[in-house]
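The structure under discussion appears below in the form of structure tokens.
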Number of protein chains: 2
Amino acid sequence: MATRSELTSALKDAGFRLTPQRTAICAALAAREDHPTAQSIHEELKQQYESLSLTTVYQTLDSLVRIGAIRSLGTAGDDSVHYEPNIEPHINLACLTCHRIRDLESEAVRELEREVSEATGSKVLSGRVVYYSDCLLRADPNECPFSSKVADGTANTFGNVEPKR
Amino acid sequence: MATRSELTSALKDAGFRLTPQRTAICAALAAREDHPTAQSIHEELKQQYESLSLTTVYQTLDSLVRIGAIRSLGTAGDDSVHYEPNIEPHINLACLTCHRIRDLESEAVRELEREVSEATGSKVLSGRVVYYSDCLLRADPNECPFSSKVADGTANTFGNVEPKR
DNA sequence: TTTTTATCTGTAATCATTACAGATTTGTTG
DNA sequence: CAACAAATCTGTAATGATTACAGATAAAAA
């Protein structure tokens, strides 16, 4: 997991100005254990920063992705892009039913990045390694292959449930 | 690369009816060398199938993804989801500037899928292994890290250029 | 053939993400 | 420290890919 200061330093080093908004977004990213969307970050920070604009959240996340400080995983069966604050090479397992993403340690991903680096001739800045489940094809859509306790909201291997829009 | 009959058979085996529309979409997927979007498939087939609906293309692609016959890679810097007809384990390199995706052979990805399969306890149906470039951060946005000949349209390691919407 | 049910089509939403323009900051310079 | 130029923010108004919907069609089964 990236720390708040690692994220803010990355922005600063890349030539971006450090503003209260950006600092708050970095702090939120570092504190969260899940794979937030722009909207969820905005909702969370809106409480303290009344005036924080959703546009600013999008801009900042985009900047962080471009400098390789965080990564964009794409959607998880919903229509929102999920971000990954943890840039340690690993696999992401996404559930298309509950839209949560779980991290899975993997040595093979390190090897992957070496391959990419070699093929492109430059350091890997960003990427997504996501495997998504076939929940949707199952008879009971609540039967999540990553956990059998999604329906009743019981704690499971994922974080909080985010309802489908 | 999947063949047309492999795709149609997959649909049939999964319990879907074989219709002329689905067959045409499968044929288009099998024939293309790039990583098409729903829109590009639709545009291509619209010429022969005047009445083919964009909705049908989306539905069919979604079905194919769900049964694991093709994969969804997410966006490539544009706002469209790109599909991957080639389900042989490999790495995808996406250029955020020209929105094209290149395949890169990789033994490590096979190992990845073994890890995922083991962790989830079931066969891997779908996933995305995409590394995206930092084109956008470069001084000259035309300087694509995967090829230096994007600007003038000269042939390069990617397929055809798809303009940003 | 008749029936049942899946699939198609065209159109009308939906809604995440971006574009924009003016108001605010930030960092810098004298 | 005041003044400036550039970057950043904010709120609102698009944009446009994708999805929802309902009636029309066509596939598989009886």
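Examine the stretch B:110-132 for a residue that is closer than 20 Å to A:Asn92 by Cα, within 14 Å of DNA strand D (Cβ to nearest atom) and touching a residue at least 60 places away in the same chain (Cβ under 8 Å), and state whether such a residue exists. Steps first, answer last, please.
In the first step, residues of the stretch B:110-132 are kept if they are closer than 20 Å to A:Asn92 by Cα; the result is B:110-132.
Within this subset, residues satisfying the condition of being within 14 Å of DNA strand D (Cβ to nearest atom) are B:128.
Retained after the next criterion (residues that are touching a residue at least 60 places away in the same chain (Cβ under 8 Å)): none.
Within the stretch B:110-132, none of the residues are closer than 20 Å to A:Asn92 by Cα, within 14 Å of DNA strand D (Cβ to nearest atom) and touching a residue at least 60 places away in the same chain (Cβ under 8 Å).
When the stretch A:15-59 is examined, which residues are found to be out of contact with any Lys or Arg (no Cβ under 8 Å at 6 or more places or on another chain), outside any helix (DSSP H, G or I) and either open to solvent by less than 80 Å² (accessible area, probe 1.4 Å) or free of Cβ contacts under 8 Å to residues at least 60 places away in the same chain (or both)?
Correct list: A:Gly15, A:Arg17, A:Thr19, A:Arg32, A:Pro36, A:Thr37, A:Gln47, A:Gln48, A:Tyr49, A:Glu50, A:Ser51, A:Ser53.
Going through B:Leu64, B:Leu96 one at a time, which residue ends up being over 22 Å from A:Arg102 (Cα atoms), open to solvent by less than 10 Å² (accessible area, probe 1.4 Å) and touching a residue at least 24 places away in the same chain (Cβ under 8 Å)?
From the options B:Leu64, B:Leu96, the qualifying one is B:Leu64.
Against the definition (within 13 Å of another protein chain (Cβ to nearest Cβ), surrounded by fewer than 19 Cβ atoms within 10 Å (Cβ to Cβ) and away from DNA strand D (no atom under 12 Å from the Cβ)), how does A:Asp103 come out, yes or no? It would help to see each step written out before you state the result.
Values: within 13 Å of another protein chain (Cβ to nearest Cβ): yes; surrounded by fewer than 19 Cβ atoms within 10 Å (Cβ to Cβ): yes; away from DNA strand D (no atom under 12 Å from the Cβ): yes.
Yes: the conditions hold for A:Asp103.
Give all pairs with beta carbons closer than 7 Å in which a residue from the stretch B:69-84 that is of a type in the set (Lys, Arg) meets a residue that is within 15 Å of DNA strand C (Cβ to nearest atom); count only pairs at least 6 apart in sequence or on separate chains.
Correct list of pairs: B:Arg71/B:Val65.
Residue check: is A:Ser63 more than 10 Å from DNA strand C (Cβ to nearest atom), within 14 Å of chain B (Cβ to nearest Cβ) and more than 23 Å from A:Leu112 (Cα to Cα)?
yes
The values are calculated or read from the model by the stated rules, or taken from the named source; none is laboratory data. All values reported here derive from a predicted model rather than from experimental measurement. So basically every Cβ, Gly included, is an ideal-geometry build from the backbone, and we count neighbours across all protein chains shown. For accessibility, only protein heavy atoms count, side chains too; no ligands or nucleic acids. Shrake-Rupley method; radii C 1.70, N 1.55, O 1.52, S 1.80 Å.
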